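In what follows, a structure is listed as structure tokens, so that the remarks can point back to it.
The values are calculated or read from the model by the stated rules, or taken from the named source; none is laboratory data. Owing to the predicted nature of the structure, the values given are computational and were not obtained by experimental measurement. Because the Cβ atoms are built from the backbone with ideal geometry, glycine has one as well, and the counts that use them run over all protein chains shown.
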Amino acid sequence: MTFKIITLGCKLNYCESAAIAEGFLADGFERVPDGERADVCIINSCAVTGTAVAKVRHELSKCRRDNPDGVAVLCGCYPQSYPEEAALNSGADIVTGNAGKGRLAETVRAFMRDRVKTVKITPLGREFDESSSVPDEDRTRAFIKAEDGCDRFCSYCIIPTARGRVRSLAPEKITEQAVRCVRHGHREIVLTGINLGCYGQELGLTLSDAVKAVERSGVERIRLSSLEPEMITDEEIEKLKTVGTLCPHFHLSLQSGSDTVLKRMNRKYDTERYRHVADRLRETFPNCSITTDIIVGFPDETDEEFLQTVDFVREIGFAKVHVFPYSLRKGTIAAVMNQVPPSVRTDRAKMLNAVAKELEVKFCDKQRGTVQTVLIEKPQSAQYSHGFTENYTPVRLYGAEFERHTPVRTEIFASRDGYCLGRAFGE
């Protein structure tokens, strides 16, 4: 029997898909690539936007077309957030949420025996589910899920419903997973979580404890995924400074540069706090990159509030900005607020994306003349290889052909539209 997994959404889902795959392989199934026909098709879903849910439905329909007699499994954030809708409208044979993903193979075996549609969406507990997460090692950088859940309840966000409350993987388990990644040849490990900055709050620990747990593996580079600014205190920055292998790249979630919008979003910081964190990071980690996410067209957002965001984005000078038009999610407070017309959201996204591109080019231009280590992602052609510096600058490395996972000291000699050009230092 064959299976395939289609993973949608965040890096946590990819770690959980890795656990799903291990469970199926241990149960005697054979994995095939996403594009091939399989006896069992698993959609590990996202529900953070309406577009994400539409993608889930599209992938399920495709699975049904490819193999009408196969088993279609829907799991993850969509059914966890909207259980009745997912059970009635998805067309899946098995519908389950985020709990127990690592044990899906048992559920599939039971369905194949009885052929009775299964809907099993259980409440999420306060314990970290170790069986549902292993490192995602499919990329050059390995990802470790150190934290799950969120207690913030932003007014636009369905994630607390989809993922439950904050819970953390014990430091010794993080070290075990990191050692496994190093043993398999990974030179960079990314710590990820739904709200990574909240790591360890129920264990009496903080984010720096998770970073130091990875450091004990001896890996050459440690990177952090998205962080909430209110969780990054001056004390925590000083602790992070002591980890010499920590990459100077911080994805610091903003969402809006307007204090009035931030208040309506129920974010736990204002622009003054955000500015302070960005300044402290730059003082502590010279030439670090700060990247972010921003939602435009949030309910009741005025032209003035949007322009405040544009001005703040320019002031901070992000290396990269991910811009998202606001997406209404049923069950959130923002869903019953006054909605900004979709055309306005689209226009604002276009305008902010243009500003973001300017800043990205400016950041890359600042890297010219520096010598940094590029970790090769993959050879792109006979002429160059592609990789990223510690501060997450994308670089095309010309000259000799380098294998994946190779760290190369690189002289950056030019920049282009959102990336840099380099050559091996000393050549």
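Comparison of 144, 158 shows that the only residue that is under 18 Å from residue 101 (Cα atoms), surrounded by 16 or more Cβ atoms within 10 Å (Cβ to Cβ), under 18 Å from the mean Cα position of the chain (by Cα) and in the same structural domain as residue 330 (by TED's automatic domain parsing) is 144. Scanning segment 257-284 for residues that are touching a residue at least 12 places away in the same chain (Cβ under 8 Å), out of contact with any Lys or Arg (no Cβ under 7 Å at 6 or more places or on another chain) and in a loop (DSSP other than H, G, I, E, B) yields 257, 258, 266, 267, 269.
Of the strands (runs of 3 or more DSSP E) lying entirely inside segment 314-427, those containing at least 2 residues that are more than 30 Å from residue 298 (Cβ to Cβ) and free of Cβ contacts under 8 Å to residues at least 60 places away in the same chain span 371-379, 384-388, 394-398, 407-415, 420-424. Counting only residues that are charged (D, E, K, R) and at pLDDT 95 or above, which one in segment 142-162 is nearest to residue 80 (Cα to Cα)? Among residues in segment 142-162 that are charged (D, E, K, R) and at pLDDT 95 or above, the one nearest to residue 80 (Cα to Cα) is 148.
Scan segment 238-256 for residues that are part of a loop (DSSP other than H, G, I, E, B), among the hydrophobic types (A, V, I, L, M, F, W, C) and within 23 Å of residue 216 (Cα to Cα) and the total you get is 2. When you check residue 300 against the structure, is it closer than 30 Å to residue 79 by Cα, more than 23 Å from the chain's Cα centre (by Cα) and charged (D, E, K, R), yes or no? Judged against the criteria, residue 300 is a match.
Looking only at segment 164-181, residues that are in contact with a strand residue (DSSP E or B) (Cβ under 6 Å, 6 or more places away or on another chain) and either in contact (Cβ under 8 Å) with a residue 60 or more places away in the chain or assigned to a loop (DSSP other than H, G, I, E, B) (or both) come to 1 in all.
When segment 252-269 is filtered for residues that are more than 18 Å from residue 195 (Cα to Cα) and of a type outside the set (Gly, Ala, Ser), the ones remaining, listed by number, are 259, 260, 261, 263, 264. Inside segment 118-132, can you point out the residues that are free of Cβ contacts under 8 Å to residues at least 60 places away in the same chain, surrounded by fewer than 18 Cβ atoms within 10 Å (Cβ to Cβ) and farther than 25 Å from residue 64 by Cα? Within segment 118-132, 122, 123, 125, 127, 130 meet the criteria. On inspection, residue 221 qualifies as touching a Cys at 6+ places or on another chain (Cβ under 8 Å), modelled with pLDDT of 95 or more and within 24 Å of residue 318 (Cα to Cα). Counting only residues that are in a strand (DSSP E or B) and either in contact (Cβ under 8 Å) with a residue 40 or more places away in the chain or not assigned by TED's automatic domain parsing to the domain that holds residue 255 (or both), segment 184-234 holds 8 of them. Scanning segment 96-127 for residues that are closer than 18 Å to residue 28 by Cβ and either outside the structural domain of residue 28 (by TED's automatic domain parsing) or modelled with pLDDT of 90 or more (or both) returns 104, 105, 106, 107, 108, 109, 110, 111, 112, 113.
For (1) surrounded by 16 or more Cβ atoms within 10 Å (Cβ to Cβ); (2) touching a Phe, Trp or Tyr at 6+ places or on another chain (Cβ under 9 Å); (3) not assigned by TED's automatic domain parsing to the domain that holds residue 244, each residue gets a yes or a no:
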position	(1), (2), (3)
378	no, no, yes
381	no, no, yes
384	yes, yes, yes
392	yes, no, yes
396	yes, yes, yes
400	no, no, yes
407	yes, no, yes
410	yes, yes, yes
417	no, no, yes
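Of the listed requirements (1) in contact with a Pro (Cβ under 7 Å, 6 or more places away or on another chain); (2) touching a residue at least 60 places away in the same chain (Cβ under 8 Å); (3) not in a loop (DSSP other than H, G, I, E, B), residue 287 misses just one: (3).
None of 335, 349 is among the small types (Gly, Ala, Ser) and either under 30 Å from residue 387 (Cα atoms) or surrounded by 19 or more Cβ atoms within 10 Å (Cβ to Cβ) (or both) except 349.
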